[in-house]
Amino acid sequence: MRVLLVEDDERAASYIIKGLEESGYVTVYCKDGMDGLNMATNEEFDAAIVDLMLPCLDGLSMIGQLRRRKIITPVLILSAKSTVDDRVKGLQGGGDDYLTKPFAFAELLARLQALIRRNNQESKPSSLIVGDLILDLITRKVNRGGDYIELQPREFSLLEYLMHNKGRVVTKTMIMEHVWEYNFDPQTNIVEARIYKLREKIDRIHSHKLIHTMRGVGYVIEER
C-alpha cells in the first residue's frame with residue numbers, strides 16, 4: 001500500500017512515517033502543497049494524508065484541485081483546527097475524513113485503513129488470486145490451498161505488488177519504489193532477501209511454484 005503524506009511539520013511527518021512503515025505502508029513524503037499536488041496527480045496512491053496549513057499551496061486548495069482533476073484518491077485531512085465549521089469545510093472541500101491534532105497514531109491508522117477499505121470495496125477487487133494463492137485486501141490475510149500463511153507487513157506489501165502485476169515482470173527498481181522508499185541504495189540485496197523469504201512461505205512446500213526469477217530482469221508471479 002502506498003500513502004502520500006503532505007505535511008510541513010518535519011517532526012510530525014517523521015512520527016507518521018515511522019508508524020506507517022512499521023505497519024507495512026510505503027510512504028511518499030512532500031513538505032508543501034504544490035509538490036503534493038504534483039505527486040498525487042502523476043503517481044498512484046492508495047490514500048493521502050494532507051495537512052491543511054501548508055506552504056506554497058494550502059491543503060484545502062490542493063485537495064480541491066485534485067478533485068477537479070477527477071483524482072479520487074481518498075484523503076485524510078490533518079489539522080489543528082477543530083471546530084465543526086472547520087471539519088465541515090474540509091469534508092465539503094473534497095476530504096474523505098478529518099483528524100484533528102494532536103492525535104494518537106492508532107486512530108490515524110484506523111481511519112486510514114477504513115478509507116482504503118472503503119475505496120477498495122467501491123472501485124477495486126477485495127482479493128487477488130494467482131492459482132490457489134489468495135490475498136485478501138480487506139482482512140490482509142493470505143492463504144494457499146486453504147492453508148493460512150503468516151506474513152510480515154513488508155512481505156505482505158511485496159506479495160500484493162507482485163499479485164497486482166500478475167504475469168508481468170517487475171524489476172528490482174520497480175519493487176523498491178513501490179514496496180520500500182525511493183532513497184534505498186540500488187546496490188542493496190534487500191529485495192532478493194525478501195523474495196527468498198516470501199518463496200519460503202509461498203512456494204517451499206508446493207511442487208507448483210508461483211514466484212519466478214527472470215534473470216537479469218526481475219520477478220514475476222504466475223502459474224506455469
request  = Any aspartates and glutamates with Cα under 17 Å of the Lys89 Cα? List them, leaving off those in the same chain fewer than 8 positions away.
outcome  = Asp51, Asp58, Asp97
task = Using R₀ = 30 Å, calculate the FRET efficiency as 1/(1 + (r/R₀)^6) where r is the Cβ-Cβ separation of His164 and Phe103; round to 0.05.
result = 0.50
ask   = Among Ile195, Ile190, what's the order by accessible area (1.4 angstrom probe), most exposed first?
value = Ile190, Ile195
task = For region 129-224, just run the numbers: alpha carbon Rg, then divide by 2.2 N^0.38 Å, N being how many residues it has.
result = 1.02
ask   = So for the chain, taking the charge dipole from beta-carbon charges (+1 Lys/Arg, -1 Asp/Glu), which of Thr171, Ile71, Thr27 sits furthest toward the positive end?
value = Thr171
query = What accessible surface, in Å², does a 1.4 Å probe find on Ile205, ignoring ligands, DNA and RNA and rounding to the nearest 10?
reply = 120 Å²
task = Send over the per residue convex hull volume for region 106-164, Cα only, as a whole number of Å³.
result = 84 Å³
ask   = Within straight cross-link reach of Lys31, meaning Cα distance under 18 Å, which lysines are found once same-chain residues fewer than 8 apart are removed?
value = Lys18, Lys101
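Exactly which GluC sites (Glu not before Pro) in region 13-74 are in a DSSP loop and have at most 13 other Cβ atoms within 10 Å?
Glu43, Glu44
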Residue-averaged [θ]222 nm for the chain, counting only DSSP H segments that reach four residues, each worth -39500 (n - 2.57) = -13000 deg cm²/dmol
message = Over the Cα atoms, compute the radius of gyration (one decimal) and Dmax (the largest Cα-Cα distance, rounded to a whole number) for region 1-78, in Å.
response = 11.4, 33
remark   = Going residue by residue through region 204-217, the Karplus relation 6.51 cos²θ - 1.76 cosθ + 1.60 with θ = phi - 60° gives ³J(HN,Hα) values, rounded to whole Hz and with x marking Gly or Pro, of 3, 8, 10, 6, 8, 7, 10, 9, 10, 9, 9, 3, x, 10
key: Accessible surface of His178 - all protein chains present, 1.4 Å probe, nearest 10 Å²   = 70 Å²
key: Of Thr188, Thr73, Thr100, the one that fluctuates the most in a GNM where the chain has Cα springs shorter than 10 Å   = Thr188
task = From largest accessible area down, sort Arg87, Arg68, Arg168; use a 1.4 Å probe on the protein chains.
result = Arg68, Arg168, Arg87
key: Sparse-neighbourhood loop sites, GluC sites (Glu not before Pro) in region 98-179 - DSSP loop, at most 16 other Cβ within 10 angstrom   = Glu150
task = Return the distance in nm (one decimal) between the two label points of a simple spin-label model at Ala12 and Arg69, each offset 7 Å from Cα along Cα→Cβ.
result = 2.3 nm
remark   = Here the gain from full extension of Glu200 to Thr173, 0.36 nm per residue of separation minus their alpha-carbon distance, amounts to 7.5 nm
Rough spin-label spacing in nm, given labels placed 7 Å along Cα→Cβ, for Ser82 and Glu22 = 2.4 nm
query = By a straight-distance test (C-alpha under 16 Å), which lysines pair with Lys172 as possible cross-link partners, with residues fewer than eight away in the same chain excluded?
reply = Lys197
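Using a 1.4 angstrom probe on the protein heavy atoms only, could you order Lys209, Lys89 from most to least accessible area? Can you show the working numbers first?
Numbers: Lys209 80, Lys89 125 Å².
Greatest to least solvent exposure: Lys89, Lys209.
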remark   = SASA check, Glu200, accessible area w/ 1.4 Å probe, all protein chains in place, rounded to nearest 10 Å², comes out at 80 Å²
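The values are calculated or read from the model by the stated rules, or taken from the named source; none is laboratory data. Every value quoted in this text rests on a predicted model; they were computed, and no experiment measured them. Note that we place each Cβ from the backbone using ideal geometry, even for glycine, and neighbour counts take in every protein chain shown. SASA here: full protein model, heavy atoms, side chains in, ligands and nucleic acids out. Shrake-Rupley method; radii C 1.70, N 1.55, O 1.52, S 1.80 Å.
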